[in-house]
Amino acid sequence: MGMTNSGITNSGVTLTDLSFSIDGTRILSDVSASVATGTITGLLGPNGAGKSTLLRLIAGIDRADTGTVALDGVAIGTLPRREVARRIALLEQNTAPSVDLSVVEVVLLGRIPHRTRLLGSFGGDDNKQVAADALAAVGAAELADRLWHTLSGGQQQRVQIARALAQRPSLLLLDEPTNHLDVSAQLSLLGQVRDLGLTAIMALHDLNLAAAYCDRILLLHDGRLVAAGTPREVLIPETIKAVYGVECDIVDHPRGGHPVIVFSPLATSTTQGTS
């Protein structure tokens, strides 16, 4: 496993031969990869490639048919559920609270794994400070007293990440965190995730966002890991065509220097098949 600048490997993730099926249908097949502490990994692939399933396996919510997920060398399956919930935060799609809460109350939901009593309250100053710190980390401190339903989509995503941060996790998992956000909110959100300094794995649709904000890329196709490496290593025309079925060119970003994927329009000739 790789090291961060601090030289600590307290939240590296190792996936070994993960396979998972639902009702006899294979969703993931023999996925093996490692994620270094303190890095941001983009999980890419077409719809149905297995991205959300892989995140749920890493989070310990679903159990693989075969293979293991290890956090700092310890298999997730051997840890108590409560310990996993403290160390790994998963932000899934469409995880809005079912009742209308204030922003602070939503963020405090992230403290549930840390309660010492079954029916412990959230009244302690420590929890309130953790919530305030989490909101500040995502640039949402001014939203603390707002009601959830009054927030924009981008604001809700920030608050959901703050809720995940309130768990004080060592590993942050994000499933399509930029869905339904405008461009400004997408860039702001990913910039804030990058600045957190946590180990993060996030499923993304947008290859260019992944190239701009991720240290490493894991590319899934039909439940298999078909490429892993830096954005420049993985996001090459041949691989993109094989996985997504589109032609593209790669250029360097004029400011950041990272690779930018320029897609070619699909041919609309009547001779082209429609399957």
>> For Leu181, what residues show an amide H to amide H distance below 5 Å, using hydrogens built from the backbone and excluding near sequence neighbours?
In response: none
>> Largest first and in whole Å, what are the equivalent-ellipsoid semi-axes of the range 13-231 based on the Cα gyration tensor, each being the root of 5 times an eigenvalue?
In response: 28, 21, 15
> With charges only on Cβ, +1 for K and R and -1 for D and E, what is the dipole size of the chain about its Cα centre, in debye, rounded to 20?
Replying inline: 660
> So what are the ³J(HN,Hα) numbers for the range 60-68, from phi and the Karplus equation (6.51, -1.76, 1.60; θ = phi - 60°), rounded to whole Hz, Gly and Pro as x?
Replying inline: x, 6, 9, 10, 5, 5, 9, x, 9
>> I need the Kirkwood Rh of the range 39-143: take the reciprocal of the average 1/r across all distinct C-alpha pairs and report it in angstrom.
In response: 16.2
>> Ignoring everything except DSSP H segments at least 4 long, calculate the 222 nm mean residue ellipticity for the chain; use -39,500 (n - 2.57) per segment, divide by total residues, nearest 500.
In response: -8000 deg cm²/dmol
>> 5 Å is the cut-off here: which amide hydrogens, built 1.01 Å from N in the peptide plane, fall below it relative to Leu90, excluding neighbours closer than 5 in sequence?
In response: Leu173
>> Using DSSP to call loops (not H, G, I, E or B), can you name the GluC sites (Glu not before Pro) in the range 161-263 whose Cβ has at most 16 other Cβ atoms within 10 angstrom?
In response: Glu247
> Mind listing the phi-derived Karplus ³J(HN,Hα) values for the range 75-85, rounded to whole Hz, using 6.51, -1.76 and 1.60 with θ = phi - 60°, and x for any glycine or proline?
Replying inline: 5, 4, x, 9, 8, x, 3, 4, 5, 4, 5
> So, by mean Cβ neighbours within 10 angstrom, what's the order for 150-163, 171-184 with the highest one leading?
Replying inline: 150-163, 171-184
> Hey, what does the equivalent ellipsoid look like for the range 124-180, semi-axes from the Cα gyration tensor as sqrt of 5 times each eigenvalue, largest first, whole Å?
Replying inline: 18, 16, 8
>> Can you give me the angle between helix 183-195 and the longest principal axis of the chain, using Cα atoms only, in degrees from 0 to 90, rounded to the nearest 10?
In response: 70
> Whose amide H sits under 5 Å from the amide H of Gly197, counting only residues 5 or more places off or on another chain, with H placed in the peptide plane?
Replying inline: none
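Every number here is computed from the coordinates shown, using simple stated rules; none is lab data. Model, not experiment: these values are computed from the prediction. Every residue, glycine as well, gets a Cβ built from its backbone with ideal geometry; the counts of neighbours run over all protein chains shown.
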